[in-house]
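The values are calculated or read from the model by the stated rules, or taken from the named source; none is laboratory data. Note that this is a predicted model, so its numbers are computed, not measured. FYI the Cβ positions are ideal-geometry reconstructions off the backbone, even for glycines, and counts take in every protein chain you see.
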Amino acid sequence: MAILKAMKPFNIQLSACLVTASLLTLSACERETYTSWNCRNTAGDKLPMVLKKAQMQFQGKQLNYCGSLGEKSYFDGNCPAAIEKAKVTFIPSTGALLDQENELHCEVL
């Protein structure tokens with residue numbers, strides 16, 4: 001009986017340590033993931049672009065990820081039902097970014 005009483009505080013401490021370790025592990029999964037790119041238009045102007053989680057920040061706009069078909073990823077403020085009609089198409093493997101007005105070449109920073 002004395003052994004069980006002595007073990008109770010140890011079990012509580014062990015449980016508290018396990019809970020703390022679990023919470024720290026879960027919070028590490030919530031890290032922000034983003035990639036910065038430098039894009040250039042045909043005139044040579046630099047236009048920064050950031051991919052942050054499921055959003056693209058480009059030319060002062062916040063665009064949502066609409067989906068991918070093959071190597072092309074599609075972004076728009078409001079995703080259309082047919083994602084290939086989104087305002088911005090991005091091909092990460094080549095760095096090609098196509099919006100409705102321009103074709104840009106992007107390089108990851």
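Numerical summary
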{"read-out": "Qualifying residue in region 45-63 (condition: out of contact with any Asp or Glu (no Cβ under 8 Å at 6 or more places or on another chain), modelled with pLDDT of 95 or more and in a loop (DSSP other than H, G, I, E, B))", "value": "no"}
{"read-out": "Residue under evaluation ALA82, criteria (1) at pLDDT 95 or above; (2) over 16 Å from THR35 (Cα atoms); (3) surrounded by 12 or more Cβ atoms within 10 Å (Cβ to Cβ), criterion not met", "value": "(3)"}
{"read-out": "Check on CYS66, part of a loop (DSSP other than H, G, I, E, B) and surrounded by 15 or more Cβ atoms within 10 Å (Cβ to Cβ)", "value": "no"}
{"read-out": "Qualifying residue in region 89-105 (condition: hydrophobic (A, V, I, L, M, F, W, C), without any contact (Cβ under 8 Å) to a residue 60 or more places away in the chain and in contact with a Gly (Cβ under 8 Å, 6 or more places away or on another chain))", "value": "no"}
{"read-out": "Identity of the residue in region 37-47, out of contact with any Pro (no Cβ under 9 Å at 6 or more places or on another chain) and under 18 Å from ILE91 (Cβ atoms), that ends up surrounded by the fewest Cβ atoms within 10 Å (Cβ to Cβ)", "value": "THR42"}
